[in-house]
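Just below is one structure, and these are the notes that go with it.
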Amino acid sequence: RRDVFAGLGLEQLVFRLPEGVSGREGIAETERLEPGVTSGVNHAYAPPPAATAPRGRVYANGLMGWPEKGCPAAISVGVIDAALPSVTLGLENASLSQASFTVAPATSAHGQTVAGLIAGPGRLTDVTLYHAGVVGKAPAGGETAGVDSLIRALHWMNANAVPHVNVSLAGPYNKLLDRAVQAAVKRGMILVAAAGNTGPNGPPRYPAAFDNTIAVTAIDAGLDPYKQAPLGSHIDI
């Protein structure tokens, strides 16, 4: 597949590896054929299991000093996650704009959980929410988002001039995603990403661990870190 992302100044080509060719070999071959390109494998990024968000909102609002009736949104907000279901409970007061970037959308409730934390009852009011569905059913089982889908979603956000985007997906370092995130941030996008659930001794997860994104981890009502929260200098909030 070929995607031209004029707003980001990028062009993306997606290839299927020939049988018997490894990702490393494919990268070496494409970079030999076209010097200067950024070539990489299409890593899978996964959402954590959906949490019980309504219970979590209670102490979070108190810790933040959040207004009981919510806070008017001054800007539009983007979410890159699993697609929303056909019935979006709790988002009735948000103006929704949705797009899908995967051929087999997942049924995960994670996307609605995250959208509800941003634009549900008592959160942002009068908000325009751009929701990009990138999580699909993986051929080997499970539900993941390919790097190519994440980049297409970033382009869609940029094309709609969405200034603030949340990504609650996590995976290994990927130089394709790195280049796309750099392009989006250069054009004014603020990316907030979940740090992941790898535990205190786990490796950094991306896109949260990029220098130009805001990495957010979790605490409980007593301000103690979530037991599966990663540690490291890349954590911002």
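The values are calculated or read from the model by the stated rules, or taken from the named source; none is laboratory data. These figures come from a predicted structure and were not determined experimentally. Positions of Cβ are generated from backbone atoms using ideal geometry, with glycine treated the same way; all protein chains shown enter the neighbour counts. In case anyone asks, the SASA skips ligands and DNA or RNA and just uses the protein heavy atoms, side chains included. Shrake-Rupley method; radii C 1.70, N 1.55, O 1.52, S 1.80 Å.
Counting just the residues of the stretch 179-207 that are assigned to a helix (DSSP H, G or I) and open to solvent by 30 Å² or more (accessible area, probe 1.4 Å), which one comes out nearest to GLN12 (Cα to Cα)? Break it down into steps so the answer makes sense when it comes.
We begin by selecting, within the stretch 179-207, every residue assigned to a helix (DSSP H, G or I); these are 179-186.
Adding the requirement that they be open to solvent by 30 Å² or more (accessible area, probe 1.4 Å) leaves 179, 182, 185-186.
Numbers: ARG179: 11, GLN182: 15, VAL185: 18, LYS186: 18 Å.
Among those residues, the one meeting the criterion is ARG179.
Residues of the stretch 122-138 being open to solvent by less than 10 Å² (accessible area, probe 1.4 Å), assigned to a strand (DSSP E or B) and within 18 Å of ASN160 (Cα to Cα), which ones?
Hits for the stretch 122-138 are LEU129, HIS131, ALA132, GLY133.
Looking only at the stretch 24-44, which residues are over 12 Å from LEU176 (Cβ atoms) and not in a strand (DSSP E or B)?
Within the stretch 24-44, the subset over 12 Å from LEU176 (Cβ atoms) is 24-26, 28-29, 31-36, 44.
Across the stretch 24-44, the qualifying residues are ARG24, GLU25, GLY26, ALA28, GLU29, GLU31, ARG32, LEU33, GLU34, PRO35, GLY36.
Condition test on ALA215, is it in a strand (DSSP E or B) and touching an Asp or Glu at 6+ places or on another chain (Cβ under 6 Å)? Step through it out loud before you land on a result.
Details: in a strand (DSSP E or B): yes; touching an Asp or Glu at 6+ places or on another chain (Cβ under 6 Å): yes.
When the stated conditions are applied, ALA215 passes them.
What number of residues within the stretch 185-214 are in contact with a strand residue (DSSP E or B) (Cβ under 7 Å, 6 or more places away or on another chain) and small (Gly, Ala, Ser)?
At the first step, the residues of the stretch 185-214 found to be in contact with a strand residue (DSSP E or B) (Cβ under 7 Å, 6 or more places away or on another chain) are 185, 189-196, 205-209, 213-214.
Checking the rest, the ones that are also small (Gly, Ala, Ser) come to 193-196, 208-209.
The total comes to 6.
Being without any contact (Cβ under 8 Å) to a residue 12 or more places away in the chain and at negative phi is the filter here, so list the residues in the stretch 108-147 that pass it. Full working, then the answer.
In the first step, residues of the stretch 108-147 are kept if they are without any contact (Cβ under 8 Å) to a residue 12 or more places away in the chain; the result is 139-141.
Once the filter is applied, which keeps residues that are without any contact (Cβ under 8 Å) to a residue 12 or more places away in the chain and at negative phi, the stretch 108-147 yields PRO139, ALA140.
Taking the stretch 89-110 as the region of interest, how many residues are under 26 Å from ASP148 (Cβ atoms) and part of a loop (DSSP other than H, G, I, E, B)?
Going residue by residue through the stretch 89-110, those that are under 26 Å from ASP148 (Cβ atoms) are 96-110.
Within this subset, residues satisfying the condition of being part of a loop (DSSP other than H, G, I, E, B) are 101-104, 106-109.
Total satisfying the criteria: 8.
Determine, yes or no, whether VAL79 is in a strand (DSSP E or B), under 15 Å from TYR45 (Cβ atoms) and not basic (Lys, Arg).
Values: in a strand (DSSP E or B): yes; under 15 Å from TYR45 (Cβ atoms): yes; not basic (Lys, Arg): yes.
Judged against the criteria, VAL79 is a match.
Taking only the stretch 148-173 into account, find how many residues are in contact with a Gly (Cβ under 6 Å, 6 or more places away or on another chain) and surrounded by 21 or more Cβ atoms within 10 Å (Cβ to Cβ). Before the answer, list the steps.
Taking the stretch 148-173 and keeping what is in contact with a Gly (Cβ under 6 Å, 6 or more places away or on another chain), we get 157-159, 162, 165, 170.
Applying the additional criterion that residues be surrounded by 21 or more Cβ atoms within 10 Å (Cβ to Cβ) yields 157-158, 162, 165, 170.
Total satisfying the criteria: 5.
Residues of the stretch 98-110 being under 22 Å from ASN160 (Cα atoms) and either of a type in the set (D, E, K, R) or open to solvent by less than 40 Å² (accessible area, probe 1.4 Å) (or both), which ones?
Scanning the stretch 98-110 gives ALA99, PHE101, THR102.
So THR113 ticks every box in (1) open to solvent by 10 Å² or more (accessible area, probe 1.4 Å); (2) outside any helix (DSSP H, G or I) but one. Which box is left unticked?
Here THR113 meets the rest and fails (2).
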